[in-house]
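Step one of this worksheet: look at the structure below.
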Amino acid sequence: MGSDKQSGSPRPLLGTLKIGRVRTILTHTYPYPHEHSRHIMTAVIIACLFFISSDNMHTLIHKLDNNIKWWSMYVCLIGFFYFFSSPFLGRTIQPSYSNFNRWYVAWICFASLYHLPSFQSMGVDMRMNLSLFLTIYFSSVLFIIAFHIIFIGLWYIGLVARMAGPRPGIWTILQNCTVISIACCVFYSHCGNRAVHKSKSFGSSSDPNLLAFLENENGSTWISNFLRMNQLKDQICSSWFAPVGSASDYPLLAKWVIYGELVCSGSCAGPSDEISPLYSLWATFVGLYIANFVVERSTGWALTHPSTDLEDEKLKRHMKPDFLDMVPWYSGTSADLFKTAFDLMVSVTLFVGRFDMRMMQAAMKGPANDTHNSDLLYDYFNEKEDLWFDFVADTGDGGNSSYTVARLLAQPSIRTIIGGSMHTLPRGNLLLIGGDLAYPNPSSFTYERRFFRPFEYALQPPPWYRAEHIALDKPELPPGVSKMSEYDGPQCFIIPGNHDWFDGLHTFMRYICHKSWLGGWFLPQKKSYFAMQLPKGWWIFGLDLSLHGDVDVYQFKFFADLCRNKVGENDSVIVVTHEPNWLLDWYWKETTGKNVSHLIQEYLNGRCKLRMAGDLHHFMRHSATQSEKPNFVQHLLVNGCGGAFLHPTHVFRNFDKFSGTTYECKAAYPSYDESSGIALGNILKFRKKNWQFDTIGGFIYFILVFSMFPQCNLVHILNEETWSGRLKSFTSTIWSALLYIFEHSYVSSVGSLTLLMASYSFVPSKLSRRKRAIIGGLHVLTHLTAALLLMLLLELGIEICIRNHLLATSGYHTLYEWYRSMESEHFPDPTGLRARLEQWTLGLYPACIKYLMSAFDVPEVMAVTRINICKNGMMSLSRSVLIILLITAHRKLQIFHKVSY
């Protein structure tokens, strides 16, 4: 009875205790939720919309027609911002380059917006918001970081509960500071800094003609009621957000209080006793943050609240398999890509033709006529009744795609529909991999993280396996197995591809030929090429083509002897190579793999039933048509779908002949029509997937027009009276700039010539040199014209703003000087707090704010610098200003390049 009671008593407790709560109690870290940040941000957005609609809707309606040109400029700016930032909108804080670009472009967009006058005509002064935002933001960051330092100290000495964890992430702090700063800026824009507001009548400040039009006789239309929300806004500002008490009520804090705007407008005898509503709002938000943090971290709140779904998602991300993402081929920022180019040059000049690993393997395999050599010939599969094998190639990109393929290969069976009926396909006893194991270069890092790791997650190796173990005497049979014919687990054989040869096959030999396990697949292979005798007269020849695209003479001799002495007259052979030269030779109009062709035609002589290859990242199967002529290969198969990026199939639509035999395409993935549609979709989707390419494009465009900055004589375009005249003048300016580049510019000319050489090399070599030169020249001319067009549009936009007195009005520090004048007028400092801060920070307080605002106001800096250069020449600028100007111009062209692309 007692034992029954004891065993049964915990059941109600365990039944009501959720697993999320158990996990929260047992873990030493506490997933701190920050839902309050989202709620505050939502409230800030709603408040901003309310203030704008209540305070400025009548102004917007009244002046909409007068501001149509400025609203057009807003549309252009927002369009530029969207086209450039759209690849980053769905990304998180990683990678850092994406995050930097997103915020940098937003920075420039807002800096451009505040110079245009329509927001000011609506009653919204963007300058105050931007300058005040920086001040409040950095004040909030410093204050909250100081609080967390104190909290960590209390946590360290044990005065704070240790179960909760000591601190949040730095991005959480920055997020909360951003929310606080935006809320304060929205409040100041519409309520000001006065503690007590005089009631304002909407009717007295509005256009009577407008009101007469909007109101009916009873004055009760929905529009008039909506416009009267201005009165509600005044009540909210003066009542809901008014500070509690005055400075005299808080004597200990009075000297640290930022006073509100003096109600008496300078006629007061002494300092005002009113607390700044802006300071009160900021202190309230900071106090709520601190209170929320302390209460949740110190009172055991986490023990009574299970983690949210968002935290479960974060936990899943932490449990993500540790393999690399796909290779960013067009990033221009990957060190691996530069290393790949260097390794390729070294391999072509050093290894190929001078040192060939295949020659060393041939020298080490024993007598040249020994076709029973166990290092190259594996005949134990012949003893099986039947055999299933899988073939895959080009696993090199790694990440989720390679893991998905590996996971499918690891399944005990796969059910699929073939010919309208369901079939069960068992896992292959043998896995063949056709090369290009890891991109972009063969190194220990890429092999482990892009190749071995996905396969290990898909099918775990034996428990006794150690990753660092080197197999000196293969095959190292598992315990309890005396010979290979007794082993019934999955095995794997691999041939190298061109990417595996970039280091002279060094990494391939170390990881494939001197290791025993690829995940749960056994690796008995000893050399880079091999022959396998399968049941019922079938053979597999795995060839190593190196970077030549062909077998060497020693390898050729081994397979030729095998064909003469071992392969029966009625046997069937599967030839596995890395490159499908039947497709590549047809496309490039070349002839490669002569030794392979000679081996198949002269020695196999019709016994080659199937050729398999990878390299092209798609699936295509061609079969020989019935003909009286004998064919050397019955089926041609390309399967490079091992997880790498996708290659098109529609470019091989017209392939139908190889070695005098006619072939018919039986299957293709993607289909020809799908492949053509995907290729057309790249026009818009390329930059979505390859957003790092803007670095390369921006740099190229900047070099092409480097000598054309700035354009000081654009007045003639603006002075034209008709749009046709302006377009003609703009076109002639582009033509003049193009001639100037080729006649006088050294940097731009060299850049154009380098781009021409690169464009020429990328044109398919199957074309004649004349056609390649014409296509390459037109390509370069198009890019050069686009770069000049974007540069002149940028310069013309700055010129328009200068002529309308929107830019270059006060110098480099316009925003800071304006803010200081507003600060002295609306934010009095009777206690001299700002002077003390300047003294305590050794002058960093005003200097940092000054240069941050200057860096924020990129259009103003560009306009002032442009005027100085046009008046005094380029040498009049300091090096620092010149560097900033060049970087800014490069970033601008980078943005415009992505839009034009």
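Quick look at the numbers
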quantity: Criterion (out of contact with any strand residue (DSSP E or B) (no Cβ under 7 Å at 6 or more places or on another chain), among the hydrophobic types (A, V, I, L, M, F, W, C) and farther than 22 Å from SER765 by Cβ) met by exactly one of ALA679, ALA668, ALA624, ALA644; calculated: ALA644
quantity: Filter pass, ASP394 being charged (D, E, K, R), buried (at least 16 other Cβ atoms within 10 Å of the Cβ), at pLDDT 90 or above and assigned to a strand (DSSP E or B); calculated: no
quantity: Residue tally, condition surrounded by 14 or more Cβ atoms within 10 Å (Cβ to Cβ) and within 29 Å of the chain's Cα centre (by Cα), over region 662-672; calculated: 2
quantity: Some residue of region 850-863 being modelled with pLDDT under 80, surrounded by fewer than 18 Cβ atoms within 10 Å (Cβ to Cβ), under 25 Å from CYS191 (Cβ atoms) and not basic (Lys, Arg); calculated: no
quantity: Residue ranges of helices (runs of 4 or more DSSP H) in region 644-751 with at least 3 members touching a Pro at 6+ places or on another chain (Cβ under 8 Å); calculated: 672-689
quantity: Any hit, region 646-661, residues being open to solvent by 80 Å² or more (accessible area, probe 1.4 Å), of a type in the set (Val, Ile, Thr) and in contact (Cβ under 8 Å) with a residue 12 or more places away in the chain; calculated: no
quantity: Flag for ILE495 being touching a residue at least 40 places away in the same chain (Cβ under 8 Å), touching a His at 6+ places or on another chain (Cβ under 7 Å) and open to solvent by 10 Å² or more (accessible area, probe 1.4 Å); calculated: no
quantity: Only listed residue being in contact with a helix residue (DSSP H, G or I) (Cβ under 7 Å, 6 or more places away or on another chain) and over 30 Å from LEU767 (Cβ atoms), chosen from LEU636, LEU604, LEU616, LEU610; calculated: LEU604
quantity: Region 436-450: number of residues that are part of a loop (DSSP other than H, G, I, E, B) and either in contact with a strand residue (DSSP E or B) (Cβ under 6 Å, 6 or more places away or on another chain) or modelled with pLDDT of 90 or more (or both); calculated: 2
quantity: Enumeration of residues in region 763-774 that are in a helix (DSSP H, G or I) and surrounded by 12 or more Cβ atoms within 10 Å (Cβ to Cβ); calculated: LYS771, ARG772, ALA773, ILE774
quantity: Any hit, region 763-781, residues being at pLDDT below 85 and under 30 Å from ASN719 (Cα atoms); calculated: no
quantity: When residues of region 434-475 are limited to those that are of a type in the set (Gly, Ala, Ser) and buried (at least 16 other Cβ atoms within 10 Å of the Cβ), the one nearest to the chain's Cα centre (by Cα); calculated: ALA438
quantity: Among (1) touching a strand residue (DSSP E or B) at 6+ places or on another chain (Cβ under 9 Å); (2) surrounded by 18 or more Cβ atoms within 10 Å (Cβ to Cβ); (3) modelled with pLDDT under 75 - the single one TYR279 does not satisfy; calculated: (3)
quantity: Residues being among the small types (Gly, Ala, Ser) and under 41 Å from the mean Cα position of the chain (by Cα) - total across region 524-542; calculated: 2
quantity: Residue pairs meeting the criteria (Cβ under 7 Å; at least 6 apart or on separate chains; first among the basic types (Lys, Arg), in region 510-521; second open to solvent by less than 10 Å² (accessible area, probe 1.4 Å)); calculated: LYS515/ALA471; LYS515/LEU523
quantity: Any hit, region 411-427, residues being open to solvent by less than 40 Å² (accessible area, probe 1.4 Å), part of a loop (DSSP other than H, G, I, E, B) and either in contact (Cβ under 8 Å) with a residue 60 or more places away in the chain or more than 15 Å from LEU518 (Cβ to Cβ) (or both); calculated: no
quantity: LEU790 being free of Cβ contacts under 8 Å to residues at least 12 places away in the same chain and part of a helix (DSSP H, G or I); calculated: no
quantity: Pair list, Cβ < 6 Å and 6+ apart or interchain, from region 271-290 residues that are under 19 Å from HIS190 (Cα atoms) to residues that are part of a helix (DSSP H, G or I) and open to solvent by less than 60 Å² (accessible area, probe 1.4 Å); calculated: ILE275/ALA247; LEU278/CYS184; LEU278/TYR188; LEU281/CYS184; LEU281/PHE187; TRP282/CYS184; PHE285/ILE180
quantity: Region 798-822 residues that are on the phi > 0 side of the Ramachandran plot, paired with ones that are open to solvent by 40 Å² or more (accessible area, probe 1.4 Å) (beta carbon under 7 Å, 6 or more apart); calculated: ALA808/ILE867
quantity: Single condition GLY681 does not satisfy, out of (1) within 30 Å of GLY873 (Cα to Cα); (2) surrounded by fewer than 19 Cβ atoms within 10 Å (Cβ to Cβ); (3) within 22 Å of the chain's Cα centre (by Cα); calculated: (1)
quantity: Condition check for SER485: in contact with a helix residue (DSSP H, G or I) (Cβ under 7 Å, 6 or more places away or on another chain), of a type in the set (Gly, Ala, Ser), open to solvent by 30 Å² or more (accessible area, probe 1.4 Å) and touching a residue at least 60 places away in the same chain (Cβ under 8 Å); calculated: yes
quantity: From the options GLY777, GLY832, GLY797, residue that is farther than 30 Å from TRP586 by Cβ, surrounded by 13 or more Cβ atoms within 10 Å (Cβ to Cβ) and not aliphatic (A, V, I, L, M); calculated: GLY797
quantity: Residue selected from region 380-391 under the condition open to solvent by 10 Å² or more (accessible area, probe 1.4 Å) and assigned to a helix (DSSP H, G or I), by the criterion nearest to ASN441 (Cα to Cα); calculated: TYR380
quantity: Criterion violated by TYR746 - all others in (1) at pLDDT 85 or above; (2) farther than 30 Å from ASN804 by Cα; (3) of a type in the set (Ser, Thr, Tyr) satisfied; calculated: (1)
quantity: Hey, LYS688 more than 29 Å from PHE541 (Cα to Cα), charged (D, E, K, R) and either out of contact with any Leu (no Cβ under 7 Å at 6 or more places or on another chain) or crowded, with 21+ Cβ neighbours inside 10 Å (or both) or not; calculated: yes
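The values are calculated or read from the model by the stated rules, or taken from the named source; none is laboratory data. This one's a predicted model, so the numbers in the text were calculated from it and none came from an experiment. Cβ atoms come from the backbone with ideal geometry, glycine included; neighbour counts cover every protein chain shown. Please note that ligands, DNA and RNA were not included when accessible areas were found on the heavy atoms of the full protein model with its side chains. Shrake-Rupley method; radii C 1.70, N 1.55, O 1.52, S 1.80 Å.
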